[in-house]
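Trainee: Mind looking over this structure? Questions follow.
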Amino acid sequence: WNSMGAYLTYQFQPSEKLMLQGGARYNQFSLNADFDTSFYPFPFTDAQINNGALTGSLGLVYHPTKKWTIGVNAATGFRAPNVDDVGKVFDSEPGSVVIPNPDLTAEYAYNAEIDIARYFGKSVKLDFAAYYTILQDALVRRNFTLNGQDSIIYGGQLSQVQAVQNAAVANVYGIQASIEVKLPSGFGFSSTY
């Protein structure tokens, strides 16, 4: 298993109220795994993955007044299958067994988010954010077959065969709200929803 990466970031502040930040990263990931088929009759004896990806981000933070902050960010991401995704055999729950899948490819994420914060004096901050992410080739656990069978005996029990697989597209979206309060003597509290 090898992972290497290089990245660059740049920050530019054209005015007191506006800041831009961008970044780019190249990541290369390789995995070579050998499978012993004497215990499990896998139809393969090895798995080899070699993925690379160029990802980036671009963000803007705007302070219209000292009490308000507005941020917008767009980014891409990359996650290569790890050793567990490709090669681990385990029972995830009674009646199911997850087997290796040597045919996995990396998943990619495309993300956009907006954040708005309001400050009340120097001690209270309210924050609200919304985000949307599209995952291409998302790594998900699904029903699978082993040597043409959808179930095998595992741990003395008939178990549904599953594997981590690449799904076409997955969408992840949500909101977040938080409050931070600074109290005297270095104390404070925060809450996030």
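The values are calculated or read from the model by the stated rules, or taken from the named source; none is laboratory data. Just so we're clear, the structure is a prediction, and the values are computed from it rather than from any experiment. For neighbour counting, all protein chains shown are included, and Cβ atoms are generated from backbone atoms with ideal geometry for every residue, glycine included.
Trainee: Pull up region 84-109, narrow it to residues that are touching a Leu at 6+ places or on another chain (Cβ under 8 Å) and surrounded by 14 or more Cβ atoms within 10 Å (Cβ to Cβ), then point me to the one that is farthest from Ser178 (Cα to Cα). Lay out the reasoning, then the answer.
Mentor: Taking region 84-109 as the starting set, the residues that turn out to be touching a Leu at 6+ places or on another chain (Cβ under 8 Å) are 85-86, 95, 99, 104, 107-109.
Cutting the leftovers down to surrounded by 14 or more Cβ atoms within 10 Å (Cβ to Cβ) gives us 85-86, 99, 104, 107-109.
Values: Asp85: 34, Val86: 38, Ile99: 40, Leu104: 37, Glu107: 30, Tyr108: 28, Ala109: 25 Å.
The residue in question is Ile99.
Trainee: With respect to Ala6, is the statement that it is touching a residue at least 24 places away in the same chain (Cβ under 8 Å) and in a strand (DSSP E or B) true? Before the answer, list the steps.
Mentor: Details: touching a residue at least 24 places away in the same chain (Cβ under 8 Å): no; in a strand (DSSP E or B): yes.
In short, no.
Trainee: For the list (1) modelled with pLDDT under 95; (2) aromatic (Phe, Trp, Tyr); (3) touching a Leu at 6+ places or on another chain (Cβ under 7 Å), I need the number of the one condition that Phe44 fails.
Mentor: (3) is the only condition that Phe44 fails.
Trainee: Being part of a strand (DSSP E or B), touching a residue at least 40 places away in the same chain (Cβ under 8 Å), touching a Leu at 6+ places or on another chain (Cβ under 8 Å) and among the small types (Gly, Ala, Ser): is that true of Ala117 here?
Mentor: Criteria met by Ala117.
Trainee: Further, regarding this structure: All but one of (1) outside any strand (DSSP E or B); (2) over 22 Å from the mean Cα position of the chain (by Cα) hold for Pro81; which doesn't?
Mentor: Pro81 satisfies all of (1) outside any strand (DSSP E or B); (2) over 22 Å from the mean Cα position of the chain (by Cα) except (2).
Trainee: If you don't mind, another one. Is one or more of the residues making up region 53-66 without any contact (Cβ under 8 Å) to a residue 60 or more places away in the chain and either under 30 Å from Gly148 (Cα atoms) or touching a His at 6+ places or on another chain (Cβ under 6 Å) (or both)?
Mentor: Looking for residues that are without any contact (Cβ under 8 Å) to a residue 60 or more places away in the chain and either under 30 Å from Gly148 (Cα atoms) or touching a His at 6+ places or on another chain (Cβ under 6 Å) (or both), one finds none in region 53-66, hence no.
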